[in-house]
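Enquirer: I am attaching a structure below and will ask some questions about it afterwards.
The values are calculated or read from the model by the stated rules, or taken from the named source; none is laboratory data. In this text the structure is predicted, and so the values were computed from the model without any measurement. As a convention, Cβ positions derive from the backbone with ideal geometry for all residues, glycine included, and neighbour counts pool all protein chains shown. Each accessible area value is taken on the protein alone, full model and side chains, heavy atoms only, with ligands, DNA and RNA left out. Shrake-Rupley method; radii C 1.70, N 1.55, O 1.52, S 1.80 Å.
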Amino acid sequence: MGYAPLDVSNIEEIQSEMQKLLMRASLEAAKEDIPLRGEETRGFDFPFVSNAKQAIDAAVACADSRGAKAIGVAHLLWGIYSTDSALAKKMSDSGWGEEKIQTLCKEYSDGAEGSTGMDAYEKVKPLLTRCGIGYDLHRLEPGRKLIVGGIELPFEKGPVGHSDGDVLAHALCDALLGAAGLGDIGTHFPDTDPKWKGANSLLFLEHARKLLLEKRFVIEHVDAVVILERPKLGPHFPKMREALAKSLGVTPETIHLKAKTNEGVDAVGRGEAIACHVAATLVAL
Ligand code: MG
């Protein structure tokens with residue numbers, strides 16, 4: 001399994017990463033029928049901190065010192081805080097200093113964070129991942145700005161639409177909402193509402209992010225293909241990934257972008273339209 005390096009700036013992301021890792025670890029433990037603590041945990045791959053083993057050891061020691069039977073998020077937070085000074089600084093800056101984490105450890109009680117083993121596996125299995133697809137197309141006309149993935153590209157035509165007509169943001173929004181079972185972009189941002197006239201579509205993604213968090217979904221991966229004849233999109237991908245990732249609170253590595261032409265066929269091929277398909281995978285916490 002490959003994890004993105006933990007390049008985080010707030011506690012919310014640290015917690016999301018940890019919860020994902022813990023879920024995977026608990027599934028592995030359930031499959032192998034081994035307990036999720038002590039020596040046995042040391043075989044797990046926790047690459048999100050360079051000194052992961054030290055952090056796990058410190059978490060175990062913290063749990064032991066407080067008589068806890070299982071390792072909770074509070075203990076893991078302490079493990080990371082006490083062994084990784086760079087992350088500790090980020091945590092402190094986000095309001096998660098020593099005192100707060102220690103209070104959490106003190107308040108921790110076994111079982112309150114859920115059980116491990118086959119019971120937990122059975123419980124989480126149906127919620128583990130969700131995939132969604134999204135599609136969008138806009139006509140291209142002269143005199144409109146060409147905005148794709150939140151970035152304005154120099155071109156003589158742009159999408160006709162109620163908002164800024166960003167096909168990538170729209171298809172991505174639909175893929176995320178679909179995966180979370182939350183309807184589609186039209187449900188949340190009707191094009192009859194003057195509020196969204198000319199709107200920056202990154203706002204839709206920021207709103208989708210909030211909706212996903214409310215339902216405890218984390219974005220695992222996004223794969224997109226934008227179809228248009230001209231201009232070339234590839235050189236703009238780094239900026240687009242950055243803009244989309246920022247709106248969604250994920251790392252740019254979470255977002256994969258591709259571009260195709262339509263080989264001169266149909267409206268897209270004649271340069272009269274731009275289209276986009278997106279697949280998104282969410283993890284349920
Ligand atoms: Mg659209």
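Enquirer: On a 1.4 Å probe surface of the protein chains, which of Phe155, Phe204 comes out largest in accessible area, and what is the full order?
Expert: Heavy-atom accessible area, descending, gives Phe155, Phe204.
Enquirer: Local charge sum around Ala224 (other residues, Cβ-Cβ under 13 Å, Lys/Arg +1, Asp/Glu -1)?
Expert: In short, -1.
Enquirer: Put a dot 7 Å past each Cα toward the Cβ at Lys145 and Thr261; how far apart are the dots in nm?
Expert: Each label point is offset 7 Å from its Cα along the Cβ direction, giving 2.8 nm.
Enquirer: How far apart, in nm, are two points set 7 Å out from the Cα along the Cα-to-Cβ line at Thr103 and at Lys89?
Expert: Result: 2.5 nm between the two label points.
Enquirer: Could you go through the range 160-166 in sequence order and give the Karplus-derived ³J(HN,Hα) for each residue, using 6.51 cos²θ - 1.76 cosθ + 1.60 with θ = phi - 60°, rounded to whole Hz, and x for Gly and Pro?
Expert: Listing the rounded values in order: 8, x, 5, 8, 7, x, 6 Hz.
Enquirer: Could you tell me how far the Cα centroid of the range 121-200 sits from the Cα centroid of the range 220-285, in Å?
Expert: 11
Enquirer: Same structure again: Tell me, what is the 1.4 Å probe accessible area of Ser65, in Å² to the nearest 10?
Expert: 90
Enquirer: Further question: How high is the FRET efficiency between Asp57 and Thr129 when r is their beta carbon distance and R₀ equals 25 Å, given to the nearest 0.05?
Expert: Plugging the Cβ-Cβ distance into 1/(1 + (r/R0)^6) gives 0.25.
Enquirer: Sort the following peptides by mean Cβ neighbour count (other Cβ atoms within 10 Å, averaged over residues), highest first: 209-215, 189-195.
Expert: 209-215, 189-195
Enquirer: One-quarter of the Cα convex hull surface for the range 128-284, in nm²?
Expert: Averaged projected area of the range 128-284's Cα convex hull equals 8.4 nm².
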